[in-house]
Amino acid sequence: MNRAIRFLPIFLLCLACAPAPPGGEAAEVARMDWALAIHGGAGVPLGSLTETEQEAYLESLERALSAGAETLEAGGSSLDAVEAVIRLLEEDELFNAGRGAVFTSDGRNELDASIMDGATLDGGAVTGVTTVKSPIGLARLVMEQTDHVLLAGEGAESFAGTQGVERVDPGYFFTQKRWDTLQRVLGAEESQGGGTVGAVALDRAGNLAAGTSTGGLTGKLPGRVGDTPILGAGTYADNRSCAVSCTGHGEEFIRRSVAFRVATLVRETGLSVGEAARKVVQDELRQGDGGLIAVGADGDVAMVFNTPGMFRGAADSAGRFELGIWD
Ligand code: ASP
């Protein structure tokens with residue numbers, strides 16, 4: 001695609017955000033038939049990507065956003081759109097989810113994911129899986145095929161065995177880039193995030209859904225569980241308020257129940273989705289903690305972060321189709 005055309009939406013996104021705090025959305029939005037927002041993680045350090053790398057990220061986000069938008073445009077459910085987007089991003093080693101998952105301190109990949117249905121408040125999640133190609137697909141099966149919400153480790157793997165989901169050798173998740181990052185992080189004795197993926201959607205039936213998938217933090221202790229598989233922390237959806245997917249320093253998002261906090265502010269105080277998201281990310285979290293995407297029952301989208309960048313995109317039934325990385 002012509003470069004100028006491809007980057008025009010990003011330019012427009014920057015213009016739309018200009019008067020608002022970083023990543024904030026300011027304008028009033030008419031009720032949409034459908035709307036979608038996606039993220040590929042916050043915490044991208046400024047100047048850390050070459051132009052070629054930025055283009056690769058944007059192309060991947062564009063593919064995922066298009067797939068989700070097509071699903072919603074055709075009348076598909078918000079759950080299907082969220083799963084379709086996240087499956088694609090999980091297959092792309094650029095992102096810290098599925099194939100590109102980061103390593104634990106002992107050099108393994110332990111993957112987490114969750115999905116939530118805003119119509120029913122049903123949810124499904126998995127944590128610490130090591131052989132499941134698409135953790136988001138397995139999370140959806142937990143939601144739809146069991147009475148439970150969260151399956152962990154060996155139990156999640158056994159469940160995967162009963163569901164016929166695609167399994168891979170743990171070596172599938174090895175990428176040199178993530179391995180090199182682990183060596184740097186181990187040297188510095190700190191864990192490091194970035195690259196988690198997520199999606200939130202409103203469908204033509206008026207139903208909201210949210211999903212998130214991650215490898216967690218590079219250098220995390222084996223068995224560590226972040227916010228991603230915890231409903232209310234990293235993921236939440238409720239038709240009465242909004243759908244939220246978070247990315248960032250998971251412990252902080254768990255402590256503050258960030259996804260639920262945004263939804264509760266919308267439902268109980270009448271703040272718009274953008275106002276609620278900005279309040280939590282800009283006023284309540286610490287600078288550098290991360291960001292989130294959210295969509296309300298009217299299709300109002302927020303993409304807010306307190307890091308230099310967050311890979312992201314938004315589309316809706318009125319023709320919006322935007323991608324972005326930096327403020
Ligand atoms: N929130 C994820 C976790 O803490 C990491 C991230 O979003 O980058 O596991």
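For the range 104-172, applying the loop criterion from DSSP together with a ceiling of 13 other beta carbons within 10 Å to the GluC sites (Glu not before Pro) yields Glu166.
Report the gain in length on full extension from Leu121 to Thr162: 0.36 nm times residue separation, minus Cα-Cα distance, nm rounded to one decimal. Mind dumping the intermediate values first?
Numbers: separation 41, 0.36 × 41 = 14.76 nm, distance 2.47 nm.
My answer for the length gained is 12.3 nm.
Plainly put, the range 225-319 has a radius of gyration that is 0.94 times its Kirkwood radius, both from alpha-carbon atoms, as the Rg/Rh ratio.
Distance between the 7 Å Cα→Cβ label points at Ala74 and Asp169: 3.5 nm. Peptides 167-174, 219-226 ranked from most to least packed give 219-226, 167-174, packing being the mean of other C-beta atoms within 10 angstrom over each peptide's residues. Please report the antiparallel percentage of DSSP beta bridges with both residues in the range 70-200, rounded to the nearest 5. Antiparallel bridges: around 65 percent, rounded to the nearest 5. When Phe311, Phe253 are arranged by Cβ crowding within 10 Å, least crowded first, meaning fewest neighbours, the order is Phe253, Phe311.
Which residue fluctuates most in the GNM of the chain (Cα springs below 10 Å): Ala97, Ala297, Ala152? For the chain, modelled as a Gaussian network with Cα springs under 10 Å, the answer is Ala152.
Could you calculate the contour length gain from Glu251 to Ala56, that is, 0.36 nm times the residue separation minus the distance between their Cα atoms, to one decimal place in nm?
Values: separation 195, 0.36 × 195 = 70.20 nm, distance 2.96 nm.
Between Glu251 and Ala56, full extension yields 67.2 nm more.
If you wrap the tightest convex hull around every Cα atom of the range 66-137 and split its volume per residue, you get 81 Å³. In the chain, the C-alpha radius of gyration followed by the widest Cα-Cα span (Dmax) gives 17.7, 52 angstrom. Spin-label pair Arg267-Glu284: with each label point 7 Å from Cα along the Cα-Cβ axis, the two points sit 1.4 nm from one another. Would you mind calculating the relative contact order of the chain from Cα pairs under 8 angstrom and at least 6 residues apart, reporting the percent as a whole number? It comes to 26 percent, rounded to a whole number. Listed by chain and number, the lysines whose C-alpha is less than 26 Å from the C-alpha of Lys177, apart from same-chain residues fewer than 8 away, are Lys133, Lys220.
Here the range 174-253 carries DSSP beta bridges of which approximately 90% are antiparallel, counting only pairs with both residues inside.
The numbers here are math on the coordinates, done by the rules we state, and not lab data. Bear in mind that the values here come from a model prediction, so they are computed numbers and not experimental data. All Cβ positions, even for glycine, are placed from backbone atoms using ideal geometry, and neighbour counts span all protein chains on display.
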